[in-house]
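Remarks on the structure that follows.
Coordinate-derived values only; no laboratory data. As the structure is a prediction and not an experimental result, all values here were calculated from the model.
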C-alpha cells in the first residue's frame, strides 16, 4: 500500500482490519518509526483539520526490500504448495 501512495497510520490500521488483521496503534507506530529509521520509509507531515498527520511512503531501499521479500514469500508458497 505504501508503495502506491502515501498513507497515514490510522488509515493503515483500518485497511488492515478490513483484510482480517488486528493490529494496535501501539504495535503499528513503532514499526513505522523503525522502518523510517532504517530508511525503508520516508515521512511527510501535513496539517489536516488542525492536526499534524504523518504520511508514509516507501523509499527506493524500501522498494528493493519489498521485492526481495515478495520473491522469498513466493518461494515459500511454492514449497508449501508442492
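The stretch between residue 53 and residue 39 holds 3.1 nm of extra length on full extension. This uses 0.36 nm per residue minus the Cα-Cα distance. You can think of it this way: the chain between residue 66 and residue 82 has 3.3 nm of extra reach, that is 0.36 nm per residue less the Cα-Cα gap.
Counted residue by residue at 0.36 nm each, then reduced by the alpha carbon distance between them, the extension gain from residue 4 to residue 23 reaches 4.7 nm. For the chain, the 222 nm mean residue ellipticity estimated from helices alone, with every DSSP H stretch of n ≥ 4 adding -39500 (n - 2.57) and the total spread over all residues, rounds to -18000 deg cm²/dmol. Comparing mean-square fluctuations of 56, 29, 21 from a GNM of the chain with C-alpha springs under 10 Å, the top value falls on 21.
A convex hull fitted around the alpha carbon atoms of the chain yields 115 Å³ per residue.
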